[in-house]
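Visitor: First, the structure itself, so that you have it in front of you.
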Amino acid sequence: MKKILTGNEAVALGAYESDVRVASAYPGTPSTEILQNLAKYEGVYSEWAPNEKVAMEVAIGASMTGVRVLTTMKHVGLNVAADPLMTLAYTGIKGGFVVACADDPGMHSSQNEQDNRFYAKFAQIPMLEPSDSQEAREMVKEAFELSETFDTPAMVRLTTRISHSKGVVSTPDPSLRNSTTPKGFERDLKKFVMLPGHAKLRQPRLLDRVEKLQAISETTSFNRIEYNERKIGIITSGISYQYVKETMPSASILKLGMTFPLPVGKIRSFADEVTTLIVVEELEPYLEEQVRMLGLDVKGKEFFPTTDELSTDRVATGFARAGVLETAVPPVTPPPPEANMPRPPLMCAGCSHRGVFYAIKKLKGIVHGDIGCYTLGVLPPLQAIETCVCMGASISMAHGTAKAMEKDIKGDKRPVFAVIGDSTFFHTGINSLTNVVYNNSNVKVIILDNRITAMTGAQQNPGTGKTLQEEQTTAIDMEKLVTALGVKRVRIIDPYDLEETLAAMKEEASLDGPSVLITKRPCIQIMRGAPEKIFEVNGKNCIGCGMCQKLGCPAISLGDEITGGRKNGKTALKQSVIDPTLCTGCSLCEQVCKPGAIQEK
Amino acid sequence: MNSSTAQIKNILIVGCGGQGVILASEILSYVAVSCGLDAKKSEIHGMSQRGGVVTSHVRYGRKIASPTIMEGSADILLSFELAETLRWISYLKPEGKVISSRQQIVPPIVSTGLAAYPENIEQILRERTDKPIITDALPQAMELGNPKLVNTLLLGMASNFLDLPVEQWKMVIENSVPPRFKELNLTAFDAGRSLQ
């Protein structure tokens, strides 16, 4: 039977069918599910690496033995892995090497918006861009062929709307796996040792390779012309192709699936056949700039937005603005303004980060945050972190702040904190902590160890004791690791114990020099079964003070008005209520409730 | 918009994290595919796993291009939560159908007084659309034995307005739920179909 697969599932299937043997990645939305799915196939070694650079280097090492390899990441992950990638483009590969990289236009779950099509051009490696799940599967297979034929890593570039949309994939059949015999590791110093002398010999191959790949780009069926009415000719790639088909089914289209190198001849001949040439692409004018450099008269970003995802509406509106489509968008009556009630993402009921954030706020320090669920600590009512830039940066940023304050801002005695998750600490936080120790700054690092990579949906990491393929393994001992880095003050605290947590933070803040607090409580999402206890509000004792509301727990909401209750001289007060289906029994609300109205049920 | 898209059905399914929006859209997509049609689905879920807004677009027909529905062109808005019905109402086409659970999930931002839950939702829906179906899906599901049956109950209601044979629905539902919940889900589906 036909399957409906996400783009990510289809990439995993295509990689499996291509005989991938080793895959390494760090989870990152929207790319995470590629490896989670690949890990289920027999005969594939799949792992979570601590970061994308490590993952790519693992893949390089495996490829040198002649097996086919896959590494996956999100757009910002490729920034971390850019260093090995740029040189891998020089060395080339042994076993087929594919980088599947998923961009997040619209920043559904990312700290920036970047167009990674430029990376392929930057590294001079072939790039394929699928426009649906079926193509994702086929293009991964083609990418392995290109990789081995042209001795190069190849990139498959996805976007959220491809990774997380489902489409029909014809008869997926794992028995179609095309099994090959790897040659094993062979010494090849001039290929794999990039001393300047060797690298200079490899460099001309890059240009030569691009020329050969260009010939492939001219003939591949992934770059196809769909001639129709020839007044309008549209050049497009990836998901944008679908929006074009939806809005301009009668236009002629040059659908680009291989977008580096570009099929210059095909583009020119298409341009010759149509009256008006328009490029429709998501994010940067990547195609448009190159088409214009061919001296062709082309329209694009003057009609279509450069930021955010495209959509059928936005593409139709762009065509209307370009004067090639009449009434494009159906009439829409917007919802009434009160429908825009915000429903911001929240830390779960019972989340172990909540106690830490509640306590840290009381110290009125400077708090650098990092990437993970705990970034949500910036939202009301907690508002406990003040910065967030990229994975692992909280600790190094705190170091910078502390150094600047120590030297130049002597009046400011606020303690400087860095909060970072366990997985993020293993990602690149270790490097930053090394710097704190080495250059001795007065930074208080809090490692929020919830025993999992929570943000991306509970993936294993070096601290959990389990691998991606569910094998038992050594759990890295965070306390010993931090001690080994040279941190003299390391302590473990229970974030469900507010008093202990606050006391430990206060004490560390009062001392000079670096220290690390490790909070240990498993993520509530990995806890199975019913909670041991849950809490309820005793209506007789609740005075409507709202202390428990300051925790921002989704299980606590407002109930009945208190008779005669007043606040600030006017507003009537309401009692708190706890939703028994959401409460996990963490007891934080009981601890902050001064009148003792919150009790075990 | 044109003849090739005339046969396409657009169903927008909305609700909050953890309610079963994604599973419902999965079932609907497979029903369409099992009838020999093309189908695409696309969802956006917020950063956090729980409580955020969840939407899932399902489109089926002879050939589907875009995985997402244009505003003003959904045939059905199938909603698991009342305020979410209102939030996504602009996606419905003028002759489209609203099918909504009456359940309200009040976010903490309302409890803390920073925002207000919209009022008179049902009245607005009745003014803006033709005979919206608003039902006490949660109490009905609990009466049948499990709050999670809201999912299948709402799908049963939607099936009355979709051109997909009932046997295909039942086959896909049977294959999508654990064996011990099979009968319950089929009962919930029938209960949904009987509500108009």
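The values are calculated or read from the model by the stated rules, or taken from the named source; none is laboratory data. Everything numeric here is computed off the predicted structure, so don't read it as measured data. Neighbour counts run over all protein chains shown; Cβ positions are idealised from the backbone, glycine included. The protein model used for the area step is the full one, side chains on, heavy atoms only, and it has no ligands, DNA or RNA in it. Shrake-Rupley method; radii C 1.70, N 1.55, O 1.52, S 1.80 Å.
Visitor: Using only protein heavy atoms and a 1.4 angstrom probe, determine the accessible area buried between A and B, summed over both sides, in Å² to the nearest 100. If you can, show how the numbers build up before the last one.
Guide: Numbers: alone 27000 and 10160 Å², together 32630 Å².
It comes to approximately 4500 Å² buried between A and B.
Visitor: Taking only the C-alpha atoms, wrap a convex hull around the range A:1-158 and report its volume per residue in Å³ as a whole number.
Guide: On the way: hull volume 15.4 nm³, N = 158.
Spelled out: Cα convex hull of the range A:1-158, divided by residues, is 98 Å³.
Visitor: Also: Out of the range A:145-218, which trypsin sites (Lys or Arg not before Pro) are coil in DSSP terms and have no more than 10 other C-beta atoms within 10 Å?
Guide: Numbers: sites: A:R157, A:R161, A:K166, A:R177, A:K183, A:R187, A:K190, A:K191, A:K200, A:R202, A:R205, A:R209, A:K212; in loops: A:R177, A:K183, A:R187.
When the trypsin sites (Lys or Arg not before Pro) of the range A:145-218 are filtered for loop state and at most 10 Cβ neighbours within 10 Å, A:R187 remain.
Visitor: If you count, for every residue in B:57-67, the Cβ atoms of partner chains within 10 Å of its Cβ, what is the mean?
Guide: Working: counts 1, 1, 1, 1, 0, 0, 1, 6, 11, 15, 14.
Rounded to a whole number, the mean comes out at 5.
Visitor: A further question on this structure: Determine, from the Cβ-Cβ distance of A:E386 and A:K594 and an R0 of 30 Å, the FRET efficiency 1/(1 + (r/R0)^6), rounded to the nearest 0.05.
Guide: Numbers: r = 28 Å, r/R0 = 0.93.
Efficiency for this residue pair is about 0.60.
Visitor: To continue, here is another question. In peptide A:239-247, how many Cβ atoms from other protein chains are near each Cβ within 10 Å, on average?
Guide: Details: counts 4, 0, 2, 6, 5, 2, 6, 12, 6.
Counting other chains' Cβ atoms within 10 Å and averaging over A:239-247 gives 5.
Visitor: Among the lysines, which fall within straight-line cross-link reach of A:K266, defined as a Cα-Cα distance under 28 Å, with same-chain neighbours fewer than 8 residues apart omitted?
Guide: Reachable lysines: A:K121, A:K141, A:K212, A:K231, A:K245, A:K255, A:K299, A:K301, B:K63.
Visitor: What percent antiparallel are the DSSP beta bridges of the protein assembly as shown, to the nearest 5?
Guide: Values: 38 of 106 bridges.
Within the protein assembly as shown, antiparallel bridges account for around 35 percent of the total.
Visitor: What is the distance, in nm, between label points placed 7 Å from the Cα along the Cα-to-Cβ direction at A:K362 and at A:K540?
Guide: 2.9
Visitor: Would you mind computing Rg(Cα) / (2.2 N^0.38 Å) for the range A:51-134, counting N as its residues? Let's see the in-between values first.
Guide: Details: Rg = 13.0 Å, N = 84, 2.2 N^0.38 = 11.8 Å.
Normalised Rg, Cα atoms only: 1.09.
Visitor: Could I ask something else about it? At 0.36 nm per residue, minus the direct Cα-Cα distance, what do A:A475 and A:R268 gain on full extension? Give it in nm, one decimal, please. Walk me through the numbers before you get to the answer.
Guide: Numbers: separation 207, 0.36 × 207 = 74.52 nm, distance 5.74 nm.
Extending this stretch completely gives an extra 68.8 nm.
Visitor: Label points 7 Å out from Cα along the Cβ direction at A:L296 and B:V166: separation in nm?
Guide: For A:L296 paired with B:V166, the spin-label model returns 5.5 nm.
Visitor: Right, something else. Once you list every other residue whose beta carbon is under 11 Å from the beta carbon of A:V436, what net charge do they have if Lys and Arg are +1 and Asp and Glu are -1?
Guide: Details: positive: A:K403, A:K444; negative: none.
With Lys, Arg at +1 and Asp, Glu at -1, the neighbours total +2.
Visitor: Further question on the same structure: Rolling a 1.4 Å sphere over the protein heavy atoms, what is the accessible area per residue of the protein assembly as shown, to the nearest Å²?
Guide: On the way: 32630 Å² over 797 residues.
So the protein assembly as shown comes to 41 Å² accessible per residue, rounded to a whole number.
Visitor: A follow-up question, please. How many partner chain Cβ atoms sit within 10 Å of a residue's Cβ in peptide B:109-119, on average, as a whole number? Present the calculation step by step, with values, prior to reporting the outcome.
Guide: Details: counts 9, 5, 13, 9, 6, 4, 6, 2, 2, 7, 2.
Mean inter-chain Cβ contacts per residue within 10 Å come to 6.
Visitor: If you average the C-alpha positions of the range A:571-601 and of the range A:345-386 separately, how far apart do those two centres end up, in angstrom?
Guide: 19
Visitor: Report the Cα centroid-to-centroid distance between the range A:204-221 and the range A:446-507 in angstrom, as an integer.
Guide: Centre-to-centre (Cα) distance: 48 Å.
Visitor: A follow-up question, please. Using all Cα-Cα distances in the range B:89-171, what percent lands in each 5 angstrom bin from 0 up to the longest?
Guide: So the P(r) values, bin by bin, are 3, 12, 17, 18, 21, 16, 8, 3, 2, 0.
Visitor: Could you work out [θ]222 nm for chain A from helices alone, using -39500 (n - 2.57) per DSSP H run of at least four and dividing by all its residues? Round to the nearest 500 deg cm²/dmol. Please report the intermediate quantities before stating the final value.
Guide: Values: 19 runs with 198 residues, N = 601.
Result for chain A: -10000 deg cm²/dmol, rounded to the nearest 500.
Visitor: Considering chain A, what Rg and Dmax in Å follow from its alpha-carbon atoms?
Guide: 27.5, 85
Visitor: Under a GNM of chain B (C-alpha, springs under 10 Å), which listed residue has the highest mean-square fluctuation: B:G96, B:G72, B:G20?
Guide: Among B:G96, B:G72, B:G20, the largest GNM mean-square fluctuation belongs to B:G72.
Visitor: Here's something else I'd like to know. Please give the FRET efficiency for A:E500 paired with A:R230, using the beta carbon to beta carbon distance and R0 = 60 Å, rounded to the nearest 0.05.
Guide: 0.20
Visitor: A further question follows. Which entries of A:K166/A:K533; A:K364/A:K520; A:K2/A:K183 have Cα-Cα distances beyond 29 Å here?
Guide: Values: A:K166/A:K533 40 Å; A:K364/A:K520 23 Å; A:K2/A:K183 36 Å.
Violating the 29 Å Cα-Cα cut-off are A:K166/A:K533; A:K2/A:K183.
Visitor: In addition: Could you give the length gained on full extension between A:D412 and A:K601, defined as 0.36 nm per residue of separation minus the Cα-Cα distance, in nm? Numbers along the way, then the final one.
Guide: On the way: separation 189, 0.36 × 189 = 68.04 nm, distance 4.60 nm.
Roughly 63.4 nm would be gained on extension.
Visitor: Let me know the number of lysine pairs in the range A:377-473 closer than 19 Å at the Cα, not counting same-chain pairs under 8 apart. Intermediate values should be presented prior to the final figure.
Guide: Values: A:K403/A:K413; A:K403/A:K444; A:K407/A:K444; A:K410/A:K444; A:K413/A:K444.
Number of lysine pairs found: 5.
Visitor: Please express the shape of the range A:425-566 as an equivalent ellipsoid: the semi-axes are the square roots of 5 times the eigenvalues of the C-alpha gyration tensor, given largest first in whole angstrom. Walk me through the intermediate numbers first.
Guide: Details: eigenvalues 255, 108, 27 Å².
Taking √(5λ) for each Cα gyration eigenvalue gives 36, 23, 12 Å.
Visitor: Name the residues of the range A:433-477 whose amide N is less than 19 Å from a point 7 angstrom out from the Cα of A:R528 along the C-beta direction?
Guide: Flagged as within label range: A:451-454, A:457-461, A:464-473.
Visitor: Kindly state, to the nearest 0.05, the FRET efficiency for A:T87 paired with B:D190, given R0 = 56 Å and r defined as their beta-carbon distance. List each step's numbers first, then the result.
Guide: On the way: r = 63 Å, r/R0 = 1.12.
According to the calculation, E is roughly 0.35.
Visitor: Net charge near B:L86: determine it from the other residues with C-beta under 11 Å of the C-beta of B:L86, scoring Lys and Arg +1 and Asp and Glu -1. Don't jump to the answer; show the numbers that get you there.
Guide: Values: positive: B:R87, B:R128; negative: A:E338, B:E81, B:E84, B:E119, B:E122.
Local charge sum for B:L86: -3.
Visitor: Could you look at chain B and say what percent of its accessible area is carbon and sulfur, using a 1.4 Å probe and all protein chains? The partial results should precede the final answer.
Guide: Working: 4050 of 7930 Å².
Answer for chain B is 51 percent, counting heavy atoms of protein chains only.
Visitor: Considering only DSSP states other than H, G, I, E and B, which trypsin sites (Lys or Arg not before Pro) in the range A:339-429 qualify as loop sites with at most 16 other Cβ atoms within 10 Å? Please report the intermediate quantities before stating the final value.
Guide: Numbers: sites: A:R354, A:K361, A:K362, A:K364, A:K403, A:K407, A:K410, A:K413; in loops: A:K364, A:K410, A:K413.
Those satisfying the criteria are A:K364, A:K410, A:K413.
Visitor: Give me the net charge for the shell around A:V76: Cβ to Cβ below 11 angstrom, other residues only, Lys and Arg +1, Asp and Glu -1. Present the calculation step by step, with values, prior to reporting the outcome.
Guide: Values: positive: A:K74; negative: A:E52, A:D103, A:D104, A:E113.
With Lys, Arg at +1 and Asp, Glu at -1, the neighbours total -3.
Visitor: Then there is this: When the accessible area of chain A is computed with all protein chains present and a 1.4 Å probe, what percentage of it is carbon and sulfur? Could the numbers behind the result be given before it?
Guide: Numbers: 13020 of 24710 Å².
The nonpolar share, carbon plus sulfur, comes to 53 percent.
Visitor: Antiparallel DSSP bridges in the range A:366-507: what percent, to the nearest 5?
Guide: Numbers: 2 of 12 bridges.
Percentage antiparallel, nearest 5: 15.
Visitor: Return the equivalent ellipsoid semi-axes of the range A:351-447 as a descending list in whole Å, where each equals the square root of 5 times an eigenvalue of the C-alpha gyration tensor.
Guide: Details: eigenvalues 83, 59, 19 Å².
Semi-axes (√(5λ), whole Å): 20, 17, 10.
Visitor: Another one. Can you tell me how the range A:379-436 classifies by the Cα gyration tensor, rounded, prolate or oblate, using a/c under 1.5 as the rounded cut?
Guide: It comes out oblate by the Cα gyration axes.
Visitor: Given labels modelled 7 Å from the Cα in the Cβ direction, how far is it in nm from B:N120 to A:M107?
Guide: 3.7
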